[in-house]
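FYI, it's all coordinate maths here, none of it is from the lab. All figures in this text were calculated on a predicted structure; none of them were measured in a lab. Every residue, glycine among them, receives a Cβ derived from its backbone with ideal geometry; neighbour counts consider all protein chains shown.
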Amino acid sequence: MSQWLDQVIERGQAIDDWLSPVRTQALESLRQSQWPNRRTEAWKYTSLTPVEKLELSPTTAADNAAVSDIDGLNSLNLVFVDGKLVTDIDNLPLPAGLHIHSLRAMPASLQETARELFGTIKPPRHLFGLVNDALAEDGLFIDIDAGAHIERPLRLVNFSSAGKESHHRVLVRLGTGSTATVIEHGQGHDSSMSTGFAEYELGEKAHLEHYRLAMHTHQAIHIGGCHFSLHQESRLNSTLIGFGSQLSRLDVDIIHSGEHAKAKFNAVYLLGESEHFDLHSTIEHAVPNGTTEENARGIIGDKAKAVFNGRIHIHRDAQKTLAELNNRNLLLSRRGQINTKPELEIYADDVQCAHGATVAEIEEEALYCLRSRGISRSQALVMLNFGFIQELVNQMPNQALAQWLQPQLRDRFVEMEVK
């Protein structure tokens, strides 16, 4: 066990609140857990050396922070600074059918309901998910009534500050036939460490449009996950945008718990020089007639290292399943590295499934063609790189958010240019 994990257990023991039963169980699991190393399959290509002896200050208070609006989005913004909620949710103009509660100030009447959801969708195998169970004192419980159609997107923003360690949690429950859009946006550049996990329960015929923007770069360490449970005829459309940093790791779990559920998951990850990004996804088809489409594309800069592990598990009773997984990667330098492992594990005999992965470099002919027309090398690389991921960006249902991302991605490409 690492020095840092010992401190996590000590700090978790000191927290006494309505989530203490959950924390106690998580702490017991952590005591029995082994610190991952290169022989641990889920961490084979991701070293946790930056975390082992980490010494950052846990957040005790947070300054307020302003979030710039996104043109045309009209979102309802909820802001965290170092894992602490700074938005006054009591004064938010919530539409009918939407209820938002802070985990730190959860009404006694709802504590049992939230506690029953907390940690039940996120699989217990995630070590840092258990860390988040033990240490996340703040976060949100978002409850949407059956039949409610929430038109304004919910934008959850967390800023990570230099020298701080933080942990926050999001619980979302969509009632039968409800619809909502949730945008998780994390950002940090300086030396910091954060965990952020979110659990989503989609009731029958519910529809969730989901985005995870993990824009942590440079020395920021971020480890988190998004975990979804889909009930009968529910719909999930999720898009993940991930930047590389000293250490970035995200786990995504999509569990088909009801028949005729449909999930679409698109992911884009962009790594600058010497950065690291690790994406693990698991799709569990536990019942018949489920549909999943997953596409992940990565661009890996000079001396950067990306990891992709995508697993689709078709259970014995999950007949008539349609599932497809594709991972495509572009190396900007031969000193960049991608470890990709798409997996299909099938126990049913009446399914249609496919998976594949590719790794390639920028075509010199295409680069020469653009440069011969007076376009600089840096501009040409931006154009070619953007073309590689544009298809997935165009598939984002929210065009206002897609338009806002365009300059963010272009700036990122400039940072990634191989000198």
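Quick look at the numbers
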item	result
Principal axis dimensions, segment 99-178 - Cα atoms, whole angstrom, descending	43, 26, 26
Estimated inter-spin distance, L370 and N64, nm [label 7 Å along Cα→Cβ]	4.4 nm
Value at 222 nm in deg cm²/dmol, rounded to 500, when DSSP H runs of n ≥ 4 in the chain each add -39,500 (n - 2.57)	-6500 deg cm²/dmol
Sparse-neighbourhood loop sites, trypsin sites (Lys or Arg not before Pro) in segment 1-89 - DSSP loop, at most 16 other Cβ within 10 angstrom	R38, R39, K44, K53
Residues H189, H101, H256, H222 arranged by fewest to most Cβ contacts within 10 Å	H189, H101, H222, H256
Highest-MSF residue in the chain out of T181, T113, T46 [GNM, Cα springs under 10 Å]	T113
Kirkwood Rh in Å, taken over all unlike Cα pairs in segment 182-295	14.4 Å
Antiparallel DSSP beta bridges within the chain, as percent of all bridges there, nearest 5	5 percent
Burial ordering of E343, E417, E284, E275, fewest other beta-carbon atoms within 10 Å first	E343, E417, E284, E275
Label-reachable residues, segment 94-110, where backbone N falls under 16 Å from a point 7 Å from R152's Cα toward its Cβ	94-101
Equivalent ellipsoid semi-axes - Cα gyration tensor, the chain, angstrom	31, 26, 23
Gained length - Q395 relative to S109, 0.36 nm times residue gap less alpha-carbon distance	98.9 nm
Among L98, L174, L250: highest mean-square fluctuation, GNM of the chain, C-alpha pairs under 10 Å	L98
Contact order relative to length of segment 78-212, as percent, for alpha carbon pairs under 8 angstrom and 6 or more apart	28 percent
Anchor K320: lysines whose Cα lies under 23 Å away (excluding residues fewer than 8 positions away in-chain)	K205, K262, K264
Partner lysines for K164 [C-alpha distance under 20 Å; skip if fewer than 8 residues away on the same chain]	K53, K84
At most 12 other Cβ within 10 Å, DSSP loop - GluC sites (Glu not before Pro), segment 134-184	E151
Neighbour-count order for R155, R311, fewest beta carbons within 10 angstrom listed first	R311, R155
Calculated FRET efficiency for the pair A96/T49, C-beta based, R₀ 35 Å, to 0.05	0.10
Dimensionless Rg ratio for segment 161-213, taking C-alpha atoms and the 2.2 N^0.38 Å reference	1.45
Selected from T179, T358, T321 as most flexible by GNM, with the chain as the system and alpha-carbon contacts under 10 Å	T358
Semi-axes of the equivalent ellipsoid for segment 1-134, Cα gyration tensor, largest first, Å	31, 20, 16
Normalised contact order of segment 1-121, rounded percent, pairs of Cα under 8 Å and 6 or more residues apart	22 percent
